[in-house]
Amino acid sequence: MTTSTICITITIVLYLAGMLWIGAHYAKKNSSASDFYLGGRKLGPLVTAMSAEASDMSSYLLMGLPGLAYLTGMADVGWTAIGLAAGTYLNWLFTARRLRRYTQITGAYTLPQFFSQRFKDSKSILAAISALIIIVFFIPYTASGFSACGKLFSSLFGVNYMTAMIVSAIVIVGYTAAGGFLAASLTDLVQSIIMTISIFFVLIFATAQAGGFGAVMENAKALPGFLSFSQTHTGSGAAPYGPLTVISTLAWGLGYFGMPHILLRFMAIEDEKKLKVSRRVGSVWVVIAMGLAIFIGFVGNALSAQGAVETLDGSASETIIIRIADLLSTHGILPALMAGLILAGILACTMSTADSQLLAASSSVSQNLLQDTFGMKLSQKTSMLVARLTVVFIAIVGVLIARDPNSSIFGIVSFAWAGFGAGFGPLVICSLFWKRTTFPGAVAGMVAGGVFVFIWKYLLKPMGGVWGIYELLPAFLVGLIAIVVVSLLTKAPGEEIQKEFDLAKSSQDL
């Protein structure tokens, strides 16, 4: 084993050990299911902001965005980043404070619980449908995270993919099952710091290796369509990037309104008045992080053109940051340790999303299905045990799903993002801002949005043309229309529901 490999291994092992220590530390702070799933609403503004954004920024931050920029230039990755940045900011601006207040009033500590209690759903029909959507989309989503970890370790150390993935899953499950929401949130804060350091260090080193900022931009200008927002680079030329494609790409931002693991952070902050600080910190970090990640792709392309790293095609372009880390590790012990930190940053991207997904899926099974829907009466101690066992069970299913090393990662992420955005997004918005929303309208919107994702993806999209739009946009609109139409055709909500709605909006919003 070379010196650089030893340094990288030490850095990653220390990082994983730190995550497990955090889980063990917070295990004793969970005395109820509310503590386990929502941290007793004790998060500070910084942890709220950075855990929300770290749980959002999965491996596409350090792998997907740089890889796409490396291959196609500015248009595709630029419009995607604009859509994500706008969605992030608008979600903080319009959703965060109202949801925090509303869930405090209703006593809800999961999103499915909020839907049921918002509409006084005594039979927990909304909770059951919500839980089903979460299970359908989150377990494969979690599997994609495990797969990314397995591929990273397998490519770095030449170990068996399945072994690498199981070790990664054990670490994630270890701190999540032990420490619950508080552990996941604090590790997300740590992981966001590691991501940030990784991005800056990679960018500085790679830009210097490429001959400076001017050399990078000269290389980009020489590639047809590379720096254009209306064309995309195809390798040998440029292809048009039309308005329909732009709209479809911007639609990624709609997904934020329905992401359970992000919305939970809004619900968990200790004081709703501090959400303004969280919004500013989170939004600024997202814009800077995505911008720098995109430029890493530009720098990587310049390095390939100079022969410093090999030329990458297709999905291999997503490993450009790993190639840069390998190049860095050859420059001595300290650079090798920094290369290990960069690779730990890639791991952090994946783990920070996977832990939040595990908690959301676990709450859907143990709380929303077993207790809310099927009426099982569990003591606090038993409820905690069930919650932890559910995390373990879901992780095992995720590992089995991802056992094929050739399984798609980003295709699954894209589809799951659409599922949550369309299944939950319209209802979250209407629940918080439209008093006339009814229980039948809520059911109709959730079902219509979730089902239409499948219809568009597998029936209409293969036809091409206008049907090639990303499934989130049409499914979101179908869900929203279903809520409005059915709500207007059914009896208005009762007095109790309307009073709670007025109470939730009584204070001045951000």
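Here are some notes:
- Cβ-Cβ FRET estimate between Glu270 and Thr9, R0 fixed at 45 Å, reported to 0.05: 0.70
- Cβ-Cβ distance of Leu385 and Thr330, R₀ of 51 Å, FRET efficiency by 1/(1 + (r/R0)^6): the value works out to about 0.55.
- Each 5 Å bin from 0 upward holds the following percent of the Cα-Cα pairs of the stretch 41-135: 2, 11, 14, 17, 16, 15, 11, 7, 4, 2, 0.
- Net charge in the neighbourhood of Thr438 (other residues with Cβ under 13 Å of its Cβ; Lys, Arg +1, Asp, Glu -1) is +4.
- Maximal additional length on extending the Gln104-Leu227 stretch stands at 39.6 nm, based on 0.36 nm per residue less the C-alpha distance.
- Using a Förster distance of 51 Å, the FRET efficiency for Ile247-Gln498 (Cβ separation, nearest 0.05): 0.90
- Summarising the label geometry, the points placed 7 Å from Cα in the beta-carbon direction at Lys505 and Ala239 lie 4.5 nm from one another.
Coordinate-derived values only; no laboratory data. Everything quoted here is computed from the prediction, not taken from an experiment. We place every Cβ from the backbone using ideal geometry, glycine too, and count neighbours over all the protein chains shown.
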